[in-house]
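To start, the structure under review is shown below, and the notes come after it.
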Amino acid sequence: MSSFAAHILVSTLRSRLLAGGVVAGFLAVTLVPSISVAGPEDTVPQLGRGGWAANFWDFQLDPPQGSGHGPMKTDPKYPYTSQCQNGGCVPGLDYRPPIVDTKDPILKSWAAKEMQATNEEVLSGKMSIPFTSQSRCWPGGVPGQLLFLEPMYFLQTPKQVWMVWQRDHLVRRIYLTDKHSENLKPSWFGDSIGHYEGGDTLVVDTIGLAGGRFHYIDSFRTPHSDKLHVVERFTLSQDGRTLTAIARVEDPDAFNGPLTLKQTWRRNDAPMLEMVCAEDSGEDHFNENLHPLPQADKPDF
């Protein structure tokens, strides 16, 4: 786990505990992650044999050569340093939070303005780290949810692929068809259709993603509109131990060109645990100027 990821995880767990919440007992559940799509194994990558754990808090800086603009980067005037070193987070070290480069020409002016407002909040001390949706128990969207550090699992059937994350058991559904829904309603995970290629890759095309408040493509709070279009290629390594996603992100209202983003996971053979996020009162215990936790007006059952 990266040092900044450790900082986020420690801060999040500390918030849950001090708020009086319980981290759901971490009870193992029987997800049966070995369900896979019918068909010869040389034509379909078997993604459901265990879970997958990410080790990067943001998209990696080495997308495929020639793929154009990569992920958003930190501002060189504000070098990031972490208070988490040598496997631990120690208060009092010279911690400097990440500040995004809002002068990147890939950004439309309104997007750069929103991101600069976040920078100023962090630099002024109103916020300790850039807010991400997952840190307050909201879904991360597409492709932002790929950055979530808790394990994810795949369920593959002949007509659908489910991506299931351990926390809150969030589910993203990918329909193995060649046409998007005719009646799109913008949502957190949008409308995803997919197909297999080359025996090792799942290709996913997603539209219908809700833009606006809470909706970002990364951990820098890079916003997007409801015109966001994302194409992801999930490729399984030859030894089956590593999964790599290359995502091409296009949004004519937010960006002046496409971005190419990369994330990797390592196989995690542990069973999925029961992990509930939004259990405390939603108070901002550490003055991080975060949005409130999602709360229901009435019970679901």
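Of all residues in the stretch 205-228, those satisfying the criterion of being farther than 21 Å from Ile106 by Cβ and either touching a Gly at 6+ places or on another chain (Cβ under 6 Å) or assigned to a strand (DSSP E or B) (or both) are Asp205, Gly208. Of all the residues in the stretch 158-188, those that are farther than 20 Å from Asp226 by Cα, basic (Lys, Arg) and assigned to a strand (DSSP E or B) number 1.
For the stretch 57-71, a residue qualifies if it is buried (at least 17 other Cβ atoms within 10 Å of the Cβ) and modelled with pLDDT of 80 or more, and the qualifying residues are Asp58, Phe59, His69, Gly70, Pro71. Here Tyr216 qualifies as in contact (Cβ under 8 Å) with a residue 40 or more places away in the chain, among the aromatic types (Phe, Trp, Tyr) and closer than 30 Å to Asn256 by Cα. Within the stretch 170-179, does at least one residue satisfy the condition of being of a type in the set (A, V, I, L, M, F, W, C) and exposed (fewer than 15 other Cβ atoms within 10 Å of the Cβ)? Yes, the stretch 170-179 has at least one match. When the test is whether a residue is at pLDDT 90 or above, out of contact with any Pro (no Cβ under 8 Å at 6 or more places or on another chain) and hydroxyl-bearing (Ser, Thr, Tyr), Ser82 does not pass it.
Residues in the stretch 98-117 that are under 13 Å from Pro223 (Cβ atoms), in contact with a helix residue (DSSP H, G or I) (Cβ under 6 Å, 6 or more places away or on another chain) and free of Cβ contacts under 8 Å to residues at least 60 places away in the same chain: Thr102 only.
Of the listed requirements (1) part of a loop (DSSP other than H, G, I, E, B); (2) of a type in the set (D, E, K, R); (3) surrounded by fewer than 16 Cβ atoms within 10 Å (Cβ to Cβ), Glu150 misses just one: (3). Being over 17 Å from the mean Cα position of the chain (by Cα), at negative phi, in a strand (DSSP E or B) and of a type outside the set (S, T, N, Q) is a property that Val231 lacks.
Since Asp200 meets every condition but one in (1) in contact with a Leu (Cβ under 9 Å, 6 or more places away or on another chain); (2) farther than 16 Å from Arg248 by Cα; (3) at pLDDT below 95; (4) acidic (Asp, Glu), which condition does it not meet? All conditions pass for Asp200, except number (3). Only residues that are in a helix (DSSP H, G or I), crowded, with 22+ Cβ neighbours inside 10 Å, touching a helix residue (DSSP H, G or I) at 6+ places or on another chain (Cβ under 8 Å) and at pLDDT 90 or above were counted in the stretch 121-147, giving 1. May I ask you to verify whether Leu202 is surrounded by 15 or more Cβ atoms within 10 Å (Cβ to Cβ), assigned to a strand (DSSP E or B) and of a type outside the set (Asp, Glu)? Yes; evaluated as a whole, the condition is true for this residue.
If the condition is being outside any loop (DSSP other than H, G, I, E, B) and at pLDDT below 90, then the stretch 259-298 contributes Asn268, Leu273, Met275.
The values are calculated or read from the model by the stated rules, or taken from the named source; none is laboratory data. Computed from a predicted structure; not experimentally measured. Cβ atoms come from the backbone with ideal geometry, glycine included; neighbour counts cover every protein chain shown.
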